[in-house]
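The values are calculated or read from the model by the stated rules, or taken from the named source; none is laboratory data. This structure is a prediction, so every number in the text was calculated from the model and none was measured. FYI the Cβ positions are ideal-geometry reconstructions off the backbone, even for glycines, and counts take in every protein chain you see. Side chains included, ligands, DNA and RNA excluded: accessible areas come from the protein's heavy atoms. Shrake-Rupley method; radii C 1.70, N 1.55, O 1.52, S 1.80 Å.
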Amino acid sequence: MVAIFGLAIWVAVAALAAALVSATQVIKKEVVVPWRKKVAGNAVACLGYGGDATGTAFQIAPKRWVTASHLLRDEPAAPELKIGSSWVSASLVYVDRSLDLAVLAVQTEWPWTAKVSWDLPEQGRAVDVTGWTWGGVSRGRGRDVRVTQQYTIQGSAEETLIVLAGAIPPAGFSGSPVTDNTSGKVLAVVQSFTSGSNDGDYGRSAIDQVQATPLACIPAQYRQ
């Protein structure tokens with residue numbers, strides 16, 4: 001009877017543990033990940049100069065934003081971020097032109113901060129890219145347009161480059177976050193794209209590609 005009773009308890013404990021694991025996985029898939037993706041989408045802002053947008057940036061920590069460095073002009077005027085309905089000045093705290101990566105700081109609070117992964121993603125992962133288009137993001141030129149497009153990670157992610165397959169993004173997507181659909185975490189920042197074209201060899205065409213820089217390239221001291 002003791003042996004049977006002990007076995008029954010073991011089975012019950014195992015069943016409870018399995019149920020908890022399953023419930024945790026369901027909650028993560030149905031609640032946590034969708035919420036993280038929503039936050040990542042809301043964490044983006046237009047980047048520009050004098051109210052004219054040039055691209056996108058996104059917040060990775062309070063008052064700390066990431067973008068593509070080619071969006072930054074070599075001029076005395078500071079870059080601006082459209083946070084909410086206002087354009088605010090941003091200061092450059094880190095830049096790596098070779099990686100097309102920049103980190104900015106602002107004094108204005110913004111409640112949406114993307115959940116970030118500092119690890120390289122696996123090949124074949126489905127990701128979302130959310131950015132502001134140029135179709136009306138400047139002052140007095142209509143409504144702002146925030147767009148999300150879906151992509152797939154191609155090949156093995158390198159330490160300094162992630163290649164995405166999918167449609168060529170609209171103008172304004174440089175500096176946008178790349179969000180993993182499995183975890184809901186932001187992995188990289190969009191830097192450039194390559195349009196697929198006929199190479200003349202039996203009519204074959206290359207696929208459209210979007211290049212992104214992993215957030216892991218940001219030195220630890222500039223992540224917070």
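For residues that are modelled with pLDDT of 80 or more and part of a loop (DSSP other than H, G, I, E, B), tally how many sit in the range 176-207.
Count: 6.
For residue 6, only one of the following conditions fails: (1) more than 30 Å from residue 88 (Cβ to Cβ); (2) at pLDDT 65 or above; (3) of a type outside the set (A, V, I, L, M, F, W, C); (4) more than 25 Å from the chain's Cα centre (by Cα). What is its number?
With (1) more than 30 Å from residue 88 (Cβ to Cβ); (2) at pLDDT 65 or above; (3) of a type outside the set (A, V, I, L, M, F, W, C); (4) more than 25 Å from the chain's Cα centre (by Cα) applied to residue 6, the lone miss is (2).
Which one is surrounded by the most Cβ atoms within 10 Å (Cβ to Cβ) among residues in the range 27-69 that are over 17 Å from the mean Cα position of the chain (by Cα) and in a helix (DSSP H, G or I)?
For the range 27-69, the residue satisfying everything is 28.
If you take the residues of the range 9-61 that are of a type in the set (Phe, Trp, Tyr) and modelled with pLDDT of 85 or more, which of them is farthest from residue 78 (Cα to Cα)?
Only one residue tops the list, namely 35.
Here are some residues: 104, 92. Which one is open to solvent by 60 Å² or more (accessible area, probe 1.4 Å), under 20 Å from residue 217 (Cβ atoms) and in a strand (DSSP E or B)?
Being open to solvent by 60 Å² or more (accessible area, probe 1.4 Å), under 20 Å from residue 217 (Cβ atoms) and in a strand (DSSP E or B) holds for just one of 104, 92, which is 92.
Which one is surrounded by the fewest Cβ atoms within 10 Å (Cβ to Cβ) among residues in the range 70-83 that are among the aliphatic types (A, V, I, L, M) and assigned to a loop (DSSP other than H, G, I, E, B)?
So the residue we want is 77.
Which one of these does residue 150 not meet: (1) modelled with pLDDT of 85 or more; (2) outside any strand (DSSP E or B)?
(2)
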